Amino acid sequence: MTIGEHVTQFAGLPVIDWEPGTALSATTIPRLSLSYEAYKEGQRWIDLFAALLNDPAAATVPGLVIGPWFVSGYSEDTSASVVEALVNAHQSLPNLRALFLGDIISEESEISWINQSDISPLFDAYPALEHLTVRGGNDLRLGRLRHDRLRSLILQSGGLPAGVVREIAAAELPSLEHLELWLGVAEYGGDATLADLQPLLEGSRFPQLVTLGLCDSEQADAIAAAVATAPILERIRVLDLSLGTLGDKGAAALLASPAVARLEKLDIHHHYCSPEMVARLESLGITVDASDPQVEDEDDGESYRYAAVTE
C-alpha cells in the first residue's frame with residue numbers, strides 16, 4: 001500500500017493548502033508544500049514559510065502541516081533546514097500546538113525516500129506542543145526526549161530505526177496519551193527488536209497512555225505475543241497492530257490474554273488471519289477492526305507476507 005492522499009484533518013482541525021494571500025485563522029491548519037513549479041521558478045520551502053510568518057495572523061495559527069520541502073529527484077534534502085526554520089520562528093508562532101512534519105504522499109516521494117533529521121530542537125522551542133506526527137524514518141533522531149505537554153506522537157515509516165525506538169523507550173512524556181510507531185521492515189531500516197520495544201511494554205513509561213500502536217511490522221506475530229503478556233496491556237484501552245503481517249499465531253496469543261478482552265478496541269486491519277480466527281477475536285465483545293484481510297503470496301512452496309507501507 002502506498003500513502004496516496006494528504007491529510008484533510010489534523011489535531012481535530014481542517015487542513016488547508018496555504019499559499020501567500022490565503023487567510024490564516026485559529027480554526028484551520030495550513031499545509032505548506034513546495035511544488036515543482038515553484039521550485040523551477042527558484043522558490044524554496046523556506047521562502048513559503050517566511051511569507052506565512054509575514055502575515056500578522058500567523059500568531060493565531062494552531063498548527064502546521066509540512067508537505068514536501070524538496071521536489072522529486074532532490075529527496076536527498078533532509079528536513080534539517082525546515083526544523084531550523086521552525087525553531088527560529090517559535091516566537092512568531094505562540095499558539096502552535098500541532099505539527100505534522102512530512103505530509104508527503106507517494107506521488108511526491110516514496111516513504112523510504114523521505115530524509116528526516118535531528119528534530120529534538122523542536123521540543124524545547126515549542127513547550128506547548130501537544131500533537132506531533134513525523135513521516136519518514138531516514139536519519140530521524142529525537143534525542144533525549146523530554147516534554148511535559150505532548151499528548152500524541154506518531155512516527156510513520158517504512159522502516160523505523162532501532163535507535164529511534166530506543167529514544168522513545170527512554171523518553172519522559174508524562175502527558176502522552178497516543179503513541180503510534182510504524183516499525184516497517186528491515187529492508188528499509190526497520191531493525192528494532194523485541195528487546196528494543198520491551199521498555200515500552202513494561203508499562204512504567206507514559207502514565208497517561210491510552211492508545212499504543214505498533215504498526216506496519218513484519219514481526220507482527222512476535223509483537224502480538226509479547227504485548228499479550230506485557231504489563232502495558234493492563235493500562236491501555238486501544239491496541240493497534242494494524243498494517244503488518246499479523247496471522248493466526250499472533251491472534252491466538254492475543255486471544256489467550258485476559259487483558260485483551262478488557263480493551264475497548266483492537267485494530268488489526270491489513271492482516272493475514274483466517275476468518276475463523278477473526279470471528280474468535282470479534283466474539284470477545286470489544287470493538288475489533290479486522291478490515292482489509294490479506295492472502296499470503298506463494299512462490300516455490302514458500303509463503304510470504306508483506307507489511308502495508310514499506311516503499
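The values are calculated or read from the model by the stated rules, or taken from the named source; none is laboratory data. Computed from a predicted model, the values in this text were never measured in an experiment. In this analysis, Cβ positions are derived from the backbone assuming ideal geometry, glycine residues included, and neighbour counts consider all displayed protein chains. In case anyone asks, the SASA skips ligands and DNA or RNA and just uses the protein heavy atoms, side chains included. Shrake-Rupley method; radii C 1.70, N 1.55, O 1.52, S 1.80 Å.
For Asp118 and Tyr39, the difference between the fully extended length at 0.36 nm per residue and the C-alpha to C-alpha distance is 26.0 nm.
Across the chain, the longest piece that holds none of the trypsin sites (Lys or Arg not before Pro) lying in DSSP loops with up to 16 other C-beta atoms within 10 Å covers 45-143. Between Ala261 and Ser204, the FRET efficiency estimated from the beta carbon spacing at R0 = 41 angstrom works out to 0.95.
At R0 = 51 Å, how high is the FRET efficiency between Thr60 and Ala162 if r is their beta carbon distance? Nearest 0.05 is fine. For Thr60 and Ala162, the calculated efficiency is 0.80. Contact order for the range 243-293, expressed relative to its length and based on alpha carbon pairs under 8 Å spaced 6+ residues apart, stands at 43 percent. Take the Cα coordinates of the range 110-255, assign each an equal point scatterer, and use the Debye formula without solvent to give log10 I(q)/I(0) at q = 0.09 Å⁻¹. Those come out to -0.25, one per q.
Here are some values of volume of the Cα convex hull per residue in Å³: (i) 113; (ii) 126; (iii) 190. Which one was computed from this structure? Of the labelled values, this structure produces (ii). Each Cα pair under 8 Å and six or more residues apart adds its sequence gap; the mean of these over the residue count of the chain is a relative contact order of 11 percent. Surface calculation, 1.4 Å probe, protein heavy atoms: His6 sits at approximately 60 Å² accessible.
The mean of 1/r over all distinct Cα pairs in the range 205-299, once inverted, gives the Kirkwood hydrodynamic radius of 13.1 Å. Modelled this way, with points 7 Å down the Cα-to-C-beta line, the labels at Gln9 and Gln91 are 3.7 nm from one another. Calculated accessible area for the chain comes out at 43 Å² per residue, all protein chains present (probe 1.4 Å; ligands, DNA, RNA ignored). Centroid-to-centroid, using Cα positions, the range 286-311 and the range 192-248 are 19 Å apart. Per-residue SASA remark: Glu218, around 90 Å² accessible (1.4 Å probe; ligands, DNA and RNA not included).
Over the range 1-68, the hull volume per residue, using the convex hull of the C-alpha atoms, is 90 Å³. Placing R0 at 51 angstrom, the Cβ-Cβ distance between Ser175 and Asp300 gives a FRET efficiency of 0.50 after rounding to 0.05. Counting only protein heavy atoms and a probe of 1.4 Å, the accessible surface of the chain is 48% carbon and sulfur.
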